[in-house]
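The values are calculated or read from the model by the stated rules, or taken from the named source; none is laboratory data. Every value quoted in this text rests on a predicted model; they were computed, and no experiment measured them. Every residue, glycine as well, gets a Cβ built from its backbone with ideal geometry; the counts of neighbours run over all protein chains shown.
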Amino acid sequence: MTQMPPLVALVGNPNAGKSALFNALTGARQKIANYPGVTVERKSGRASFADGRAVEMIDLPGAYSLDPDSLDEAVTRDVVLGNLSGHRRPDALVIVLDAGNLDNHLRFALELIALGLPTVVALNMIDLAERDGLRLDAQALARALGVPVIETVAVRRRGLEPLMSALDGALKNPVAPIEPVATSFGAQNQRARDIARSAIISETAGRQWTRRLDAILLHPVGGVVILLALLFLMFQAVYGWSEAPIGWIESGFALLSDGIKNAMPDGYLRSFLTDGVIAGVGSVVVFLPQILILFLFILLLEASGYMTRAAFVMDRMMAAVGLSGHSFIPLLSSFACAIPGIMATRTIMDQKERLATILIAPLMTCSARLPVYTVIIGAFIPASSVGLGIGLQGLVLFGLYIAGILGAMLAAAVIQRFVTQSRTSSFLIEMPRYQWPRPGDIAINLWQRAWVFLRRAGTIIFAATVILWALLSFPKAPEGSNVSQVEYSVAGRIADGLEPIVRPIGFNHDIALALIPAMAAREVAVSALATVYAIDAADEDAAATSLGPKLAADWSLATALAFLAWFVFAPQCISTIAVTRRETNGWKWPIFMVSYLFALAYAAAGITYWTARSFGL
Amino acid sequence: MQLDHLPLNQIAVIRSIDWESLPDQEGHRLRSLGFEPGVTIEALHKGIFMWRDPLAVRVGRMTVALRTNVAAAIDCELSV
């Protein structure tokens, strides 16, 4: 039997707990790819029936109806209707309903059942509904809908076996839908509410928890204070919690490098391995702890339901620059990486707002800039305290994030006023109930992020550092020459051409050199500097000391600050440009984005340098 | 009474929605979130500082955030 396993799609409203159910059914064996022809993320995985037969599951983007108002919703519609070319139509649907939200979610369920595919309904988050004082009759619901209804609590793995066996039954014995296709939206809504009412056995005052928490977290003043405190905590944590693991990774790479130095004779290969590969990849992998902490915070905020509250709190301020709370979530994701941030803009209904958000997303300080900031701050800013347990280094880092945010706000206002010429923005969003994030789901997500980062460090960054090592090592400076190897190499000569352009903003030759590979990925600037200084070092001991002290000895404070200012606004990584091109369907907007960011970066670095110089730094 | 003027924490029913005054997309999203004449609604929270915008409202069993300019298109009646 070489028959393909049946394809089953999980479909439902946003916030119905669809992804948690998907994780519970498929475990960690998930594949992430894109749907053919579109950039919407496709999550698939394997589940199995009681007798071991496999089922292919896909987790469709959350939608409110088959009449889409976003790209994500359009994909969901095209997949369930079998209209997405290159993608097979699902053999069955699992409709995921939030048990606590039946009256609002049933309308979409009716639309889906009317399609006539074998269907099972998962009445999910039944525990939360009960906590909120709602008792439901699943059998009555099943009779009204004409399809099996299974009570599930995905996060506690409750109801998974009955769900799979009902699915098996539905696939073996398809039944014709009893639900007539309602004609108008209003009629569908009415029908949904009638069915919901008939399925509710009893209800007492609900949503007390969410309401009480909202009274605090959405408080007109307190809510803002809490959000700012959370963000501040997040950035302090990125710095504070990562110290120890960074130390372990550093000593690990140092051990490896020493091992190779002892085992191999001096030569090109040894230099390539220690100065090129280990120094380059090591200096990037070292930032994995910080990136994971940042993602951990973002995932927790999302899973707990707080993220939309943050959007609510921020909406009016975003409106001042022509955006809305919708843009807040993609922009916050951009603090981890602009790529998922730009992809998350698909949920923004207003196309002008979406474009403006894409264009300013790279101004949010992504984790790839952290390595650059960390090295420079570590080298030039004393690790003293400004009181209240707040470190000066953390404060400077916070300041750099703020600079990026202010730059983005300014850019958004200008773009919405003069480029997209948008008159209004809109904000209309469902706020899910609060819930405890499930550690397993967070772990799966975090693992997927870490893997993506390591793969990047292993490929793009590896390639960039190796090429840079080669550019720096050849041609060899003649013996006894007073020109250093760096100056003599190919890279040194390219940097010679770049230097006059960046000299006015306080950059030296080494920085000009580091800016070239930083186009591949920002964090490579650090490994580039590491490689430059490792190769230029007179002896092994000098090479062994870490990068920071060398920079502190070599650069003026004004140069260091200008370098930081440059990276607040600075050059994109190539992947960001690529994803912008894909999301905006052309080269016009990526080119616009790169040009305005370069101009901003140059101006900011110049202003910083000359201001610092005038203060005698 | 328009939804943006509804006092907080008082149960009301949507009497009518002025779809014409809303941009197509917002009207569509409002419908798919379950805003319909006859539905129970309650204003829960108002936005930050002096703006008092957006609003968080309960519609059916769902909490939805919307701006006051959209809320102004929704006419409600307090339940007794």
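Between a residue in the range A:418-433 that is closer than 29 Å to B:Arg61 by Cα and any residue that is assigned to a strand (DSSP E or B) and among the hydroxyl-bearing types (Ser, Thr, Tyr), which pairs come within a Cβ distance under 9 Å, given they are 6 or more apart or on different chains? Cβ pairs passing all conditions: A:Glu430/B:Thr63; A:Met431/B:Thr63; A:Pro432/B:Thr63; A:Arg433/B:Thr63.
Please pick out the residue among A:Ala368, A:Ala412, A:Ala379, A:Ala361 that is within 20 Å of the chain's Cα centre (by Cα) and modelled with pLDDT of 85 or more.
Details: A:Ala368 fails: modelled with pLDDT of 85 or more; A:Ala412 fails: within 20 Å of the chain's Cα centre (by Cα); A:Ala379 fails: within 20 Å of the chain's Cα centre (by Cα).
It is A:Ala361.
Among residues of the range A:301-316 being of a type outside the set (Phe, Trp, Tyr), in a helix (DSSP H, G or I) and more than 8 Å from chain B (Cβ to nearest Cβ), the one that is surrounded by the fewest Cβ atoms within 10 Å (Cβ to Cβ) is A:Ser304.
Looking only at the range A:437-489, filter to residues that are among the aromatic types (Phe, Trp, Tyr) and farther than 14 Å from A:Gly280 by Cβ; which one of those is farthest from the other protein chains (Cβ to nearest Cβ)? Here the residue is A:Tyr488. Taking the criterion of being polar (S, T, N, Q) and either in contact (Cβ under 8 Å) with a residue 24 or more places away in the chain or in the same structural domain as A:Met343 (by TED's automatic domain parsing) (or both), the residues of the range A:69-83 that qualify are A:Ser70, A:Thr76. Cβ-Cβ distance below 7 Å, separation of 6 or more or different chains: which pairs start in the range A:301-316 with a residue that is under 18 Å from A:Ser334 (Cα atoms) and free of Cβ contacts under 8 Å to residues at least 24 places away in the same chain and end on one that is of a type in the set (Asp, Glu) and surrounded by fewer than 22 Cβ atoms within 10 Å (Cβ to Cβ)? Correct list of pairs: empty, since none qualify.
A single member of A:Arg143, A:Arg157, A:Arg131 is more than 26 Å from A:Asp78 (Cα to Cα), within 14 Å of chain B (Cβ to nearest Cβ) and surrounded by fewer than 23 Cβ atoms within 10 Å (Cβ to Cβ), and it is A:Arg131.
Residue-level check: of (1) closer than 21 Å to A:Leu299 by Cβ; (2) without any contact (Cβ under 8 Å) to a residue 12 or more places away in the chain, A:Arg212 misses just (1).
Among the residues of the range A:398-436, those identified as in contact with a Gly (Cβ under 9 Å, 6 or more places away or on another chain) and more than 14 Å from every other protein chain (Cβ to nearest Cβ) are A:Ala412, A:Ala413, A:Ile415, A:Gln416, A:Arg417, A:Thr420.
Against the numbered list (1) touching a helix residue (DSSP H, G or I) at 6+ places or on another chain (Cβ under 7 Å); (2) over 30 Å from A:Leu472 (Cβ atoms), A:Met264 comes up short only at (2).
Checked across the range A:391-406, the condition of being in a loop (DSSP other than H, G, I, E, B) and at negative phi holds for no residue.
Applying the condition of being of a type in the set (S, T, N, Q) and within 27 Å of A:Arg212 (Cβ to Cβ) to the range B:6-16 and asking which residue is farthest from the other protein chains (Cβ to nearest Cβ) yields B:Gln10. From the list A:Thr420, A:Thr424, which residue is touching a Pro at 6+ places or on another chain (Cβ under 9 Å), of a type outside the set (A, V, I, L, M) and surrounded by fewer than 20 Cβ atoms within 10 Å (Cβ to Cβ)? Answer to the check: A:Thr424. Among all residues of the range A:9-32, there is at least one that is over 30 Å from A:Leu355 (Cα atoms) and touching a Pro at 6+ places or on another chain (Cβ under 9 Å). Is it the case, given these coordinates, that A:Phe328 is in a helix (DSSP H, G or I), of a type in the set (Phe, Trp, Tyr) and surrounded by fewer than 21 Cβ atoms within 10 Å (Cβ to Cβ)? Against the criterion (in a helix (DSSP H, G or I), of a type in the set (Phe, Trp, Tyr) and surrounded by fewer than 21 Cβ atoms within 10 Å (Cβ to Cβ)), A:Phe328 does not qualify. A residue that is crowded, with 21+ Cβ neighbours inside 10 Å, at positive phi and within 13 Å of the chain's Cα centre (by Cα) can be found somewhere in the range B:29-37. Remark: pairs (first residue in the range A:386-402, closer than 23 Å to A:Pro362 by Cα; second residue assigned to a loop (DSSP other than H, G, I, E, B) and of a type in the set (S, T, N, Q); Cβ separation under 6 Å; 6+ apart in sequence or on different chains) = A:Tyr401/A:Thr365.
At least 2 residues being more than 28 Å from the chain's Cα centre (by Cα), surrounded by fewer than 18 Cβ atoms within 10 Å (Cβ to Cβ) and modelled with pLDDT of 85 or more is the threshold, and among the helices (runs of 4 or more DSSP H) wholly inside the range A:204-300 those reaching it are A:208-217, A:243-263, A:268-271. Only a single criterion out of (1) touching a residue at least 12 places away in the same chain (Cβ under 8 Å); (2) more than 14 Å from every other protein chain (Cβ to nearest Cβ); (3) surrounded by fewer than 22 Cβ atoms within 10 Å (Cβ to Cβ) is not satisfied by A:Lys172, namely (1).
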